[in-house]
1. Does A:ALA293 meet the test of being over 13 Å from A:ALA101 (Cβ atoms) and not in a helix (DSSP H, G or I)?
2. Take A:ILE150 and tell me if it is within 14 Å of chain B (Cβ to nearest Cβ), in a helix (DSSP H, G or I) and in contact (Cβ under 8 Å) with a residue 24 or more places away in the chain.
3. Of the numbered conditions (1) among the polar types (S, T, N, Q); (2) buried (at least 17 other Cβ atoms within 10 Å of the Cβ); (3) within 14 Å of chain B (Cβ to nearest Cβ), A:ASN256 fails exactly one; give the number of that condition.
4. Looking only at residues in the range A:189-223 that are aliphatic (A, V, I, L, M) and more than 23 Å from the chain's Cα centre (by Cα), which one is farthest from the other protein chains (Cβ to nearest Cβ)?
5. Report yes if some residue within the range B:90-104 is buried (at least 17 other Cβ atoms within 10 Å of the Cβ), under 21 Å from the mean Cα position of the chain (by Cα), more than 8 Å from chain A (Cβ to nearest Cβ) and closer than 20 Å to B:ALA188 by Cβ; otherwise report no.
6. Is the range B:57-67 home to any residue that is surrounded by fewer than 19 Cβ atoms within 10 Å (Cβ to Cβ) and on the phi < 0 side of the Ramachandran plot?
7. Being farther than 30 Å from A:THR46 by Cα and not in a helix (DSSP H, G or I) is the filter here; which residues of the range A:82-128 pass it?
8. Could you check B:LEU9 against (1) on the phi < 0 side of the Ramachandran plot; (2) within 12 Å of chain A (Cβ to nearest Cβ) and say which number it fails?
Amino acid sequence: MNAHGESLFRKSLRKLRRDRFGMAGLAVVGFFGLVALGVKLGLFCTLAQATTPVGPQFVRPGAAYQRTLADGTKAAARSLFGTDIQGRDVAVKLVYSIKQAFAIGVIVAVLSVAVGVVLGCISGYFGGLVDDALLWLYTAINSVPFILWIVSISYAFGRGFTGVVVALAATFWVGVYFNVRAEVRRLKELEFVLASESYGASKWSIIFRDIVPNLSHLIFVFLSLDFIAAVKNEVILSFLGLGIAGEPSWGVMISNARLDLLAGKWWEVTGATILLFVLVMAFNMLTDALQDAFDPKKVG
Amino acid sequence: MSGAPKPLLAVRGLKKHFPVRGGLLKKVVGWVYAVDGVSFTLEEGDTLGLVGESGCGKSTLGRTLMRLYEPTEGAIEFQGRDIARASAAELMPARREMAMIFQDPYASLNPRMTVSDIVTAPMSAHGVGTPAERREKASEILQVVGLRAQAASRYPHEFSGGQRQRIGIARALILNPKLVIADEPVSALDVSIRAQVVNLMMRLKERFKLTYVFIAHDLSIVEYISSHVAVMYLGRVMEKAAAKTLYASPKHPYTQALISANPVPDPARRAQKQVLKGEIPSPMHPPSGCVFHTRCPLAEERCRAEAPALRDVDKTGTDEHLVACHLVKD
């Protein structure tokens, strides 16, 4: 059955492929990712389209209206998901926001995991004063509610994409750091690391050949978890008026439309919430599957 | 001893104490006296069996000899040079000449590396050979330890415990070391596999002219493989002699108790079984005087006050028989 010479990594991938929920999650995430890529490449739903009014305000989803086309002429059209208070197409804004979510999710996840893994390895493997200092930093950051850090850092950076990304990455790395540190401390007492020391392998060779490859389960799971957390926190920041400015995003849409809801204009909030829910749900399913597939205690 | 060849390994007064930290500021609140003044010599070609109950410090001793732990005190003379205080760079030549076999074959091989990369890692660490030469050496050494050359391209999880231990042995031997420290190499294996691995180790010893330090708690295996045996208790050597002498006429009360507790397929001998009372005292608070006095059936006042030195009680003049006990007559 099993191919000979199959690495644990390939074995994990094989296990992941057999996980139906995981693969369903991956399909949804992949679809969202392709859409995000298309928007990024300017194939559809450009920023201009997402910010230009196309008709009267608050057209209901599915209603007929006079749509203003790109050349300024008007044509009869049927609305897909309505328009917002300024007459912009909600469907276009929703799709454009997928790109925003992916940009924030991917950048924050990669940054926080990279910083967390590097510092976790240094702290866990070398110990001593460096470990004490980093652990102190971890405790200091961790002893204040995350949302306060995120709010104050993004406030300091000013409203906008960079502020959100820096604020989220600067708080998320600590979770990665602490888990990686614990795993490194466990790994370095294992006999295969002692064996490497016994024949005089260098510290760097031990870190890169013995330790980092055995952290892959943590790396995948945290990439996925931090992506979700970043997307959700962007919504909260934008809702508080500290998030993205000048461009649509799910958070901005939910924030803008909270007053509309009282007037019975439900579609902007609902659309953003549903897409957020679907993406987060799919990512959660993928995270669970990654955890199962790459956990070294379950593969082997 | 004059005129005798220099021992391959001479250990003098070796101590390894681990600090116990507690409180908010992680102050040292006590010490674990894991290895507390061990001395012995090992001639080239001999096999020294190190036995003792779990927690007696035998594994710590093995790891300290390999400088996986920093010795607290004492000297480790390997090939005439003290390596107890050598820096990592100064240790490199010695690290080529000594190798370790580990206890747990499931933890001692990196699960993310191929068997070929695992067994040739010591070559890479010492810059020996080109990648092609290393691959060739890997398939050669795998066959020597009884695996197929094709095993090289596989991963550890595709092998059984016994096969994994063979991979660990191949890794230990790939640089042709002089001294191999085997830390309970068979105690994690199925009983049916143990004899195979021990026999393999004995064949390899002949073939590669190896010297072993064989750490174990199984007295029968130690008797089988060792030329000399040292019995440890609470970080100290209680008795050391040629294996035959030690098993035939143990002098120390602790050794006598250990040997009588070892099951022997002889109903007549069952009656003489001596059972030790009590637990091993904590190595954080070793007893005064002779560390064994709390459990010794023969202990006297002197044993509680004064620690006995390890002295030679051999009468035949052939080999030393060292015992650390006040009550054994010269």
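1. Here the answer is no, as A:ALA293 does not meet what is asked.
2. Here the answer is no, as A:ILE150 does not meet what is asked.
3. Only one criterion in (1) among the polar types (S, T, N, Q); (2) buried (at least 17 other Cβ atoms within 10 Å of the Cβ); (3) within 14 Å of chain B (Cβ to nearest Cβ) is unmet by A:ASN256, namely (3).
4. Filtering the range A:189-223 for residues that are aliphatic (A, V, I, L, M) and more than 23 Å from the chain's Cα centre (by Cα), the one farthest from the other protein chains (Cβ to nearest Cβ) comes out as A:ILE207.
5. Scanning the range B:90-104, I find at least one residue that is buried (at least 17 other Cβ atoms within 10 Å of the Cβ), under 21 Å from the mean Cα position of the chain (by Cα), more than 8 Å from chain A (Cβ to nearest Cβ) and closer than 20 Å to B:ALA188 by Cβ, so the answer is yes.
6. no
7. Passing the criteria: only A:GLY127.
8. Here B:LEU9 meets the rest and fails (2).
The values are calculated or read from the model by the stated rules, or taken from the named source; none is laboratory data. A quick note: this is a predicted structure, and the numbers were derived from the prediction, not measured. All Cβ positions, even for glycine, are placed from backbone atoms using ideal geometry, and neighbour counts span all protein chains on display.
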